[in-house]
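What follows is calculated from the coordinates using simple rules that are stated; it is not laboratory data. Only a predicted model underlies this, so the values are computations on that prediction, with no experimental measurement involved.
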Amino acid sequence: MPELRPRRGGRERLPRLDQPVERRRLALPVAPISQERFGAWSEAFARFMGTAQFLVGMTVFVVAWLAWNTLAPEQWQFDPRTLNYTLLTLILSLQASYAAPLILLAQNRQADRDRVALEQDRDRDERNLADTEYLTREVAALRIALRDVATRDFVRSELRDLVEELERERASAIKAAKVKARAKTRAKERARQRAKAGKVARAAEKAARAAEKAADRPADDVLPDPGAPGGAAAAG
C-alpha cells in the first residue's frame, strides 16, 4: 500500500490513484514440509488403501472392536454398545476425512504426470510425423532421381547399339579401303597401259621417221652392207 505522506498543514495525504495498492500478506508460520515428499507419501497411502491387505486389516480391526465392546464385560468395554460405538464412529470419520484429501492429492499428482506424459507423447508424435514426412519426401526424391539413372538393361542396350554402330563403321571403313585399293590398282593399270601405249607410239613414230628418211634417199647413195654376201666383193 502506498505510504501516506503528511502535508505541510499536518493533515495526512490521500494515496495516489496511479499507484497500485499492494496486497497485504498474513504472516502465518509455515511448516518446512517438502511438497514432493508429502505428495509421494500421500500416493503411497492412497495406493495402500486400495489394496486387499488394507481391506482385510480394516475388517479384522472393526470386527475385533465390535466383538470386544459387545461380548466383553462392561467394566472392560471402552466403547460400549449402549453409546452406539461412538469412539469407533469417530475413528472411522476421521479416517474418511483424512483419506479423501490424500486420495485427491494423489489423483492430482497422477493427473499432472498424465498431462506431462501426454505432452511428451504429443511432442514425440509430432517429431515422428515430421520424420515420416521428411522420409516420404526423400523417398519420393529418390524415386524421381532413379528415373534418370541408367539401369543395367539400359546400359546393355546402349552398349549393344554402340557395338553395332562401331561394327557398321568398321565395315564401311573396310569397304572404303577396298574401293580405294581397287581404284589405285585401276589407276596403276591405266598408267601402265598409257606408258606402254606411249612407248609403242614413240617406237612407231621412230619407225615412221626412219622409213621416211629411207624413202627420201636416192638409190645410189645406198651403201651395201658389208656383212651381206657379195658386199665385200663389191666394196673391193
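Remarks
- Alpha-carbon Debye profile of segment 35-147, log10 I(q)/I(0) at 0.10, 0.11, 0.20, 0.21 Å⁻¹: -0.57, -0.63, -1.07, -1.10
- Bridging of residue 206 to lysines at a Cα separation below 30 Å is possible for 188, 196, once same-chain residues fewer than 8 apart are set aside.
- Both radii were evaluated on the Cα set of segment 158-215; the Rg over Rh quotient, with Rh as the Kirkwood radius, amounts to 1.60.
- Within straight-line cross-link reach of residue 213, lysines at Cα separation under 25 Å, skipping those fewer than 8 residues along the same chain: 199
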